[in-house]
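Can you read through this structure? Questions will come right after.
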Amino acid sequence: MALSKNFIDQFVNVTVKAATEASYLIGKMDKNAADQAAVDSMRTELNKIDMVGKVVIGEGSLDHAPMLYTGEILGNKTGPVLDIAVDPVEGTNFVANNMPGGIAVLAIAEKNNLFNAPETYMNKIATGKIEKGLIDLDFTLEKNIRNLSDFKNKNISSITACILDRPRHKKIIDQLKDLNVKIKLITDGDVLGALFVSDPKYDVDIFLGIGGGPEGVLAASALDAYDCHFQGRFIFDNENDIKEARKMGISDLNKKYELKEIVKGDSIFCATGITDNLILDGIKFDNNKIVSETLVTHKSLDLKKIIRKVNFINE
């Protein structure tokens, strides 16, 4: 069953308002305040929508309120029952320090169609549209790179891999260097990092490494509309995470999840730029106008576009 296209403008409005509120804190060196401003805005706007929306990807449990917590029910309690995944500010450090890469993100799907991801790390890999079985988390890095090189008919030295710049990735980065692959290091924001594989114009052939599990679900929602390849495997390395996973009904702790298992059926994804990045311009103030850019995808409509929106201050 498809989600109503009437939701598109409503959910774009949610991320635009959240991004705008966070933008007032750009460069103020207070990432928590920027995040809180976006959270408060998102909650207010989501509660205006005709839906019973359950947060399946949020910011912790009820104990972490007033964050948008996992399990929170949003909307005006009429209309369809929906799953909601949110990251009010991906790249809080970027916003606090006035650096490129801050975005406000959400995804929605019908009830039980978004994976309820635990707040643990996920080993993930993403590419554009490829033949089935070419790229796999269980393959060696070299095999994945060579397969991608052959499929794209590109020299390995022309392949670009995007990865978070973290000490945990030193071995992968060293291997990529040995293979003479071009490396694009990002310091944060692995939803945006994964989105780079969606279009050749971003010149990223593969996104890989260990990042947040909730961010993996958000990225998968967008990549699904582009018919991209995505796999993820959660990392449970302590008793608390294992206990939490069991509570969520995850029995196979080593399971490799395909994109279609993370996002089932139809979905809508929205990401609005807070600060400029390769995909979206950040919030701009022009006299009494606020100008925003939002990437929105709607799988069933095959919609993938950037919406430039002009709001008037105090409208």
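The values are calculated or read from the model by the stated rules, or taken from the named source; none is laboratory data. What you see is a predicted model, and the numbers here were worked out from it, not measured in a lab. All Cβ positions, glycine included, derive from the backbone under ideal geometry; neighbour counts span all protein chains shown.
Phe236 versus (1) surrounded by fewer than 24 Cβ atoms within 10 Å (Cβ to Cβ); (2) touching a strand residue (DSSP E or B) at 6+ places or on another chain (Cβ under 8 Å); (3) farther than 19 Å from Gly193 by Cβ: which is the lone unmet condition?
(2)
Could you say which residue among Asn155, Asn144 is polar (S, T, N, Q), outside the structural domain of Leu278 (by TED's automatic domain parsing), touching a residue at least 40 places away in the same chain (Cβ under 8 Å) and more than 30 Å from Leu68 (Cα to Cα)?
Asn144 is the lone residue from the list that is polar (S, T, N, Q), outside the structural domain of Leu278 (by TED's automatic domain parsing), touching a residue at least 40 places away in the same chain (Cβ under 8 Å) and more than 30 Å from Leu68 (Cα to Cα).
Scan the range 245-265 and tell me whether some residue there is aliphatic (A, V, I, L, M), touching a helix residue (DSSP H, G or I) at 6+ places or on another chain (Cβ under 6 Å) and either at positive phi or in contact (Cβ under 8 Å) with a residue 40 or more places away in the chain (or both).
Checked the range 245-265: at least one residue is aliphatic (A, V, I, L, M), touching a helix residue (DSSP H, G or I) at 6+ places or on another chain (Cβ under 6 Å) and either at positive phi or in contact (Cβ under 8 Å) with a residue 40 or more places away in the chain (or both).
While we're on this one: Which one of the conditions (1) part of a helix (DSSP H, G or I); (2) under 13 Å from Leu278 (Cα atoms) does Ala222 fail to meet, given that it meets all the rest?
Failed condition: (2).
Still on this structure, please answer the following. If you go through the range 169-215 one residue at a time, how many are polar (S, T, N, Q) and within 21 Å of Gly91 (Cβ to Cβ)?
Summing the residues that are polar (S, T, N, Q) and within 21 Å of Gly91 (Cβ to Cβ) in the range 169-215 gives 2.
Please work out which residue is farthest from the chain's Cα centre (by Cα), limiting yourself to the range 5-44 and to residues that are farther than 25 Å from Thr70 by Cβ and among the small types (Gly, Ala, Ser).
Result: Gly27.
Going by what's in this entry, would Ile49 be described as of a type outside the set (Phe, Trp, Tyr), part of a helix (DSSP H, G or I) and more than 20 Å from the chain's Cα centre (by Cα)?
no
Please go through the range 249-275 and give me each residue that is assigned to a loop (DSSP other than H, G, I, E, B) and either in contact with a strand residue (DSSP E or B) (Cβ under 9 Å, 6 or more places away or on another chain) or within 22 Å of Ile135 (Cβ to Cβ) (or both), ordered by number. Write out each step before concluding.
The initial filter retains those residues of the range 249-275 that are assigned to a loop (DSSP other than H, G, I, E, B), namely 249-256, 264-266, 274-275.
Those that are assigned to a loop (DSSP other than H, G, I, E, B) and either in contact with a strand residue (DSSP E or B) (Cβ under 9 Å, 6 or more places away or on another chain) or within 22 Å of Ile135 (Cβ to Cβ) (or both): Ile250, Asp252, Leu253, Asn254, Lys255, Lys256, Lys264, Gly265, Asp266, Ile274, Thr275.
How do the pairs read when you match residues in the range 50-75 that are at positive phi with residues anywhere that are at pLDDT below 90 and in a loop (DSSP other than H, G, I, E, B), using Cβ under 8 Å and keeping only pairs 6 or more apart or on different chains?
Gly60/Met67; Gly60/Tyr69; Gly60/Thr70; Gly60/Glu119; Gly71/Gly58; Gly71/Ser61
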